[in-house]
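Following: one structure in structure tokens, then a few remarks.
The values are calculated or read from the model by the stated rules, or taken from the named source; none is laboratory data. Given the structure is predicted, the values throughout are model-derived calculations rather than measurements. No Cβ is skipped: glycine too gets one built from the backbone with ideal geometry, and neighbour counts run over all protein chains shown. Protein only, heavy atoms only, side chains kept; ligands, DNA and RNA dropped before computing areas. Shrake-Rupley method; radii C 1.70, N 1.55, O 1.52, S 1.80 Å.
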Amino acid sequence: MKIFRACDIHRLIQQTDLIACFTQQLAQKPEGITVPQRTLMIDPSPFSVFGTMPAKDDLAGLFMVKNAALVSSNRDATVHAITQVFDTHTGEPVAIMDGAAMTGYRTAGVAAAIMLHCTDEAADNLAVLGAGLQARHHLMAVFAVRRIREVSLYSRGQERLRALQHWIEQTYPEVRVRLAGSAADCVAGKSLVVAATTSREPLFSMDGLAAGAHVSLIGGHSLESRELSHADMFRYRVITEDRAFAMAEAGHCHADCLEPHELFQIDRSDLAAQKTIFSSVGTALMDLYFVRFLLDISKNVSLSQLSITD
């Protein structure tokens, strides 16, 4: 059985390869895969989510389950998770993975694949709301596939905001970084927006964005609210990983949204001419795609390079 710690996942993953894999998988309607409704326990104050997310792939012979906990405090939200993978033919455990690192790469990879299909290659400015781990993962993914000239940042947590600014300036010195005074100021005129916060209220309006802008909503959601108003979501084209899951957990504004395999049937130039929204609810199917990718790329890795147990 392989054990993938966060450091193993960080070392093995190449962003461009992962995004290309997601692009290929998302363009196809899933077959031979069972994803039951996940179990979520939500505490409203402080906002916390505890969940179990299973999925089974008959073609690959894999069963996986991710157990995750997102716990908010006055300063930030912390995600911890463990993913267990089993062989469906023998029942034997195949791998244990750090679920938090997996979630970060999975969410950013899926969002980047959808963003690429929805926007013009010339889009070179980015706004990021939030300064946590998800924000950093999405920055890495976008920077890997787009030549970003300027990024605007906004977060209520000033210490983490400054740390994120410093990380960008050190890692991507060619990118100009601007700290915004509000969420609306951060996204004003932007072509690409990532909202990765725990906000239970809308943070901005689509009206202030550039023509053909694309928004990735990654953070908190409920039946009543999202980081973007439901009124805005009714007005524009919305994409989500699973329509039924999204309606059950994030509201009726997802009733007419596109699933990824439907999105990829639409010509990219048509999508780039309109404003689009990716409303992520984070399904186990996307986790399963990541699990298959990680197991595949680690086949030829020396056992001594991974955490291995018999």
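Residues in region 129-141 that are over 16 Å from G220 (Cα atoms) and open to solvent by 10 Å² or more (accessible area, probe 1.4 Å): R136, M140. For region 223-273, the set of residues classified as under 17 Å from the mean Cα position of the chain (by Cα), closer than 20 Å to Q28 by Cβ and basic (K, R) consists of R243 only.
Counting the residues of region 187-232 that are more than 21 Å from I114 (Cβ to Cβ), at pLDDT 95 or above and of a type in the set (A, V, I, L, M, F, W, C) gives 1. Each residue in region 221-236 was checked for being assigned to a loop (DSSP other than H, G, I, E, B) and open to solvent by 10 Å² or more (accessible area, probe 1.4 Å), and 7 of them qualify.
Here is a yes/no grid of residues against (1) assigned to a helix (DSSP H, G or I); (2) surrounded by fewer than 18 Cβ atoms within 10 Å (Cβ to Cβ):
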| position | (1), (2) |
| --- | --- |
| A210 | no, yes |
| C253 | yes, no |
| D256 | no, yes |
| I266 | no, yes |
| D270 | yes, yes |
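Among the residues of region 112-147, those that are within 20 Å of T23 (Cα to Cα), touching a residue at least 40 places away in the same chain (Cβ under 8 Å) and in a loop (DSSP other than H, G, I, E, B) comprise T119, D120, A123, R146.
If you go through region 74-105 and keep only what is of a type outside the set (S, T, Y), in contact with a Gly (Cβ under 8 Å, 6 or more places away or on another chain) and open to solvent by less than 50 Å² (accessible area, probe 1.4 Å), you end up with D76, A77, A81, D87.
When L18 is tested against (1) in contact with a helix residue (DSSP H, G or I) (Cβ under 7 Å, 6 or more places away or on another chain); (2) open to solvent by 20 Å² or more (accessible area, probe 1.4 Å), only condition (2) is not met.
Can you tell me which residues in region 55-69 are open to solvent by 30 Å² or more (accessible area, probe 1.4 Å) and touching a strand residue (DSSP E or B) at 6+ places or on another chain (Cβ under 6 Å)? Answer for region 55-69, where residues must be open to solvent by 30 Å² or more (accessible area, probe 1.4 Å) and touching a strand residue (DSSP E or B) at 6+ places or on another chain (Cβ under 6 Å): K56, F63, N67.
If you go through region 86-93 one residue at a time, do you hit one that is in contact (Cβ under 8 Å) with a residue 60 or more places away in the chain and among the hydrophobic types (A, V, I, L, M, F, W, C)? No, every residue in region 86-93 fails to be in contact (Cβ under 8 Å) with a residue 60 or more places away in the chain and among the hydrophobic types (A, V, I, L, M, F, W, C).
State whether the residues of region 169-192 include one that is assigned to a strand (DSSP E or B) and open to solvent by less than 10 Å² (accessible area, probe 1.4 Å). Scanning region 169-192, I find at least one residue that is assigned to a strand (DSSP E or B) and open to solvent by less than 10 Å² (accessible area, probe 1.4 Å), so the answer is yes. Here is the figure for region 237-251: residues that are buried (at least 18 other Cβ atoms within 10 Å of the Cβ), part of a helix (DSSP H, G or I) and of a type in the set (A, V, I, L, M) total 2.
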